[in-house]
Amino acid sequence: MLKLLLVVFLVSISLDCVADANSQKPHRTLEFFGEVYEPTDEKWETYYGSRNMLAASMSSAFRFFNVFDLGISVSYAKDRGKGVLPLSQLSAGDVTYEVAPVELFLLLRARFSSRQWVVPYAGGGYTRLFYRQTIDDEGYARGSVNGIHARAGVQFLLDPLDQFAANTIYENFGVINSYLVFEGKYTKAEAGNPVTQLGGLSYKAGIMVEY
């Protein structure tokens, strides 16, 4: 599979290098993701009955030199369970946990042509992780911690699948390129004493548009 992606990556560069000189260069991006979020805390399944929870995120970035993206992203995830609160280690009834990381990131995209079919990328940055735990009929605890994250993924150009629709979107909304994106992200963040791990792994799929 890796060899196939590499072949498509190289072929797409060679086929598009002539057209690239006359192509529009995007200056901004928007991304919308659905995620499976897997907390680092090894006891998470004990607290909430599942190792994972679903999340959603969006990001916006500025493009520099056609390969660097500097941007901000916001995510939100929610889970419900019974048992012990991870942050306080106190017994609890029904518990709701919510987490909303806000991230500043820098990405490097291996993008050599405006019509490149496959574009791998990697990067990372600063995370401010906001959390809240609510015990039914007993109140809640909330806070925020600093952290870091690293991310890597691959994007697939969608425009060739329906060039007429791509041209229409460009004329009406200024969208130059649209991509299907798959990404993995690791977040490290800690809170409390004793230390509780609040970060985790995210497996993401979504859409990115450049304009």
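What to note about this one:
- Residue separation of residue 161 and residue 136 scaled by 0.36 nm, minus their Cα-Cα distance, works out to 4.1 nm of gained length.
- Gain upon complete extension [residue 171, residue 126; 0.36 nm per residue less C-alpha separation]: 12.6 nm
- Contour excess over end-to-end distance, with Cα ends at residue 203 and residue 38 and 0.36 nm allotted per residue: 58.6 nm
- More than 13 angstrom apart: percent of Cα pairs within region 95-140: 70
- Kirkwood Rh in Å, taken over all unlike Cα pairs in region 119-182: 15.7
- Of 43/188; 25/185; 25/204, pairs whose Cα-Cα distance is over 23 Å: 25/185; 25/204
- For residue 46 and residue 144, the FRET efficiency from 1/(1 + (r/R0)^6), where r spans their Cβ atoms and R0 equals 22 Å, is about 0.35.
All of the numbers you see were taken from the coordinates with simple rules; none came from a lab. All of these numbers come straight from a predicted model, not from anything done at the bench. With ideal geometry, Cβ positions are generated from the backbone for all residues, glycine too; neighbour counts draw on all protein chains shown.
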